[in-house]
Amino acid sequence: MSFLNRMYRLSTFVRIPRMYEPQRQSIAPAAAATLADFLSSTREQYLRDVQDASGKAQNWTVVMGNEAGDLDTIASSIAFAWLRTKVHNQPSISLLQMDRDDLDLRAENLHALSLAGISRPKDQLLFVTDLIDFHTFPSHKFALVDHNRLSSSFNPKEEPVVVALVDHHADENLYLDSAEPRIITPSGSCASHIATLMDNVDIPPELADLLLSAILIDTDGLKPGGKAIDVDRKAAEFLISKSSFALSLNTLQTNDTTPPTAPYEMDFIKTLSEELSTKKNDVSHLGPRDLLRRDYKQYEFVLPWHPDTPIIRAGLSTVPVKLADWAANGKLESESEAWMKERGLHILGVLTAYRGASKGKRKREMAWVIQTHSPPTDNFNYDALTKRLWSGLKADEVLDVKEHKKFGNGTLDNIQGNFPHLQVRVFTQNPHATRKVVAPVLKTIMEGQNS
Ligand SMILES: [Mn+2]
């Protein structure tokens, strides 16, 4: 069926009075309680079971997104926990890998959550910091969404097992025997894969709203030529048919003779996308430290080319503001050094994404900082690491880096005099290569055998 036909069917479906709706095959009971009720009650129940000495917490599946905590990760983990609990009868709790207070760093998340009826997210959602008092993590069954490697910081008493995996990042080929489903395929948004799994399910409208918001943020409102691919467009159509926005706004076609409208052309989709992206891009209230930690992911690499194969730790911060506006005059170096110390990093990559002033073109810079304060092992060869990183980045055809005109060797003339323990390089890069592209390149540079 063509895209237009499918849309036409969708608009027909939404337009007709509810009592004439075709009976959709549903494997879930009618959604009586709201999404917010579901979240509050599972959170309460989980925390009660965690306190219970008889090990009830082991029956739960902990559903986690990645530690960058964008809307995709939050929406995907909430929705997947709901699906497993309500439809597959597997008690599951969504756990956010962030500090409760860090929720404030992303205004678009707070907005989308409140549109989905989650108006007190700090009380209604579960954060890793809520479980910090436990020496061993209280559950051992995990479902991962929007990433596909369980962080090494989870160390339950029983061997951890990843029972399900839904993601759209590069596949690290883990949990091949234990994860069911194990879905790792490209998409603009992981939320689209989750929505696809709910095809025959009677989902609460707020959950459709939340997933739809995540897809719109990740795909720039589903605009053609953007990051949306077919799975995102199909998921959005399905979610629109279930969402409270569509039902209340009544913006879909009402006249048989007008051609059907694609989601990205619908008024309420345009408005919602714009609202979310305005909130996302307004980070004017954030200082450099918040910019570095707001959208941050961390990795560990084993270095097979180095004697005694040490493990190093690297971080990648995505920042929606160009360096000149927040990182000049040594700020990049001092703030990076402080953040690297806090997280125990050997390498930090700062990836900026913004629009150029003149024609509004997409642009990206990447600043790389290597710190030599605290080597991972005695006799660690920082020269080899540094050379390897610079030459690996320059050789990558997709990244297509060029020396940054203004900050090529850092934001100060005398880096070595001011920051004796830092090595810094700054590049401009392919404007389409996001962290999803950069992270696997970094892994290959670090973990490749050849020097
Ligand atoms: Mn994602």
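Computed from the coordinates by the stated procedures, all read-outs in this text should not be read as laboratory data. What you see is a predicted model, and the numbers here were worked out from it, not measured in a lab. Here Cβ is always computed from backbone atoms with ideal geometry, including for glycine, and neighbour counts include all displayed protein chains.
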The stretch 112-230 - charge dipole about Cα centre, Lys and Arg +1 at Cβ, Asp and Glu -1, debye rounded to 20: 240 debye
In nm, spacing of pseudo-spin labels at N155 and K234 (7 Å Cα→C-beta vector): 4.3 nm
Fully extended, how many nm does the chain gain between E275 and E403 (0.36 nm per residue separation, minus their Cα-Cα distance)? 42.6 nm
Shape call for the stretch 288-447 from the C-alpha gyration tensor, a ≥ b ≥ c root eigenvalues: rounded (a/c under 1.5), prolate (a/b greater than b/c) or oblate? prolate
Roughly how big is the chain's charge dipole about its Cα centre, with Cβ charges of +1 (Lys, Arg) and -1 (Asp, Glu), in debye to the nearest 20? 1000 debye
Report the label-to-label distance for D308 and N414 in nanometres (one decimal), using points 7 Å from each Cα along the Cα→Cβ vector. 3.5 nm
Loop GluC sites (Glu not before Pro), the stretch 379-451 (other Cβ atoms within 10 Å of the site Cβ: 11 or fewer; DSSP): E397
Using packing as a proxy for protection, rank 164-175, 212-223 so that the peptide with the highest average count of other Cβ atoms within 10 Å comes first. 212-223, 164-175
Which loop chymotrypsin sites (Phe, Trp or Tyr not before Pro) in the stretch 35-90, with loop taken from DSSP, have no more than 14 other Cβ atoms within 10 angstrom of their Cβ? none
What are the chymotrypsin sites (Phe, Trp or Tyr not before Pro) within the stretch 277-347 that DSSP puts in a loop, where the Cβ has at most 16 other Cβ atoms within 10 Å? W305
Give the shape of the stretch 272-371 as rounded, prolate or oblate, defined through the alpha-carbon gyration tensor: a ≥ b ≥ c are the square roots of its eigenvalues, a/c under 1.5 means rounded, and otherwise the shape is prolate if a/b is larger than b/c and oblate if not. prolate
